[in-house]
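Everything below concerns the one structure shown next.
Each reported figure results from applying straightforward, stated rules to the coordinates on display, with no laboratory input. Being a predicted model, the structure only gives us computed values, none of them experimental. All Cβ positions, even for glycine, are placed from backbone atoms using ideal geometry, and neighbour counts span all protein chains on display.
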Amino acid sequence: MAKITGVGGVFFKTKGDNAALAAWYRKHLGMPLAEKDSQWFSPSKSSFMINYRVDNLGELLEELRAGGVEVIQGPESHENGKFALIMDPDDKTRSSSGSPRSGTTRTKVPERLY
């Protein structure tokens, strides 16, 4: 059985000025925020999304499909990993990254479930 191995990121929508919110997080918490189009969460209406790292993305997607979970998008390969998108029963978008695959001897590229 594939397992979650950690959290790769938490993404949230703002109701106001994206740039001002990003500046606030940078100034007060020292945390840079990436500004993304809110359509990135689609089709979910949720205000946040969690990126999970998983040990085996392919196996996890097979298990999810067998359990009746719709895979909205993916898996897709990008320079920073493999990604897939699912939604939980509460209409929250979830992302995940699975087991690392070697890029070079010093770099690991994760698989992610969104």
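A few notes on this one:
- Measuring between alpha carbons in the structure, the pairs from Lys13/Lys92; Lys45/Lys82; Lys27/Lys92; Lys3/Lys45 lying more than 22 angstrom apart are Lys45/Lys82; Lys27/Lys92; Lys3/Lys45.
- Taking other C-beta atoms within 10 angstrom as a stand-in for reagent exposure, Glu59, Glu79 fall in the order Glu79, Glu59, fewest first.
- Label-point gap, in nm, between Ile4 and Tyr25 - each point 7 angstrom along Cα→Cβ: 1.9
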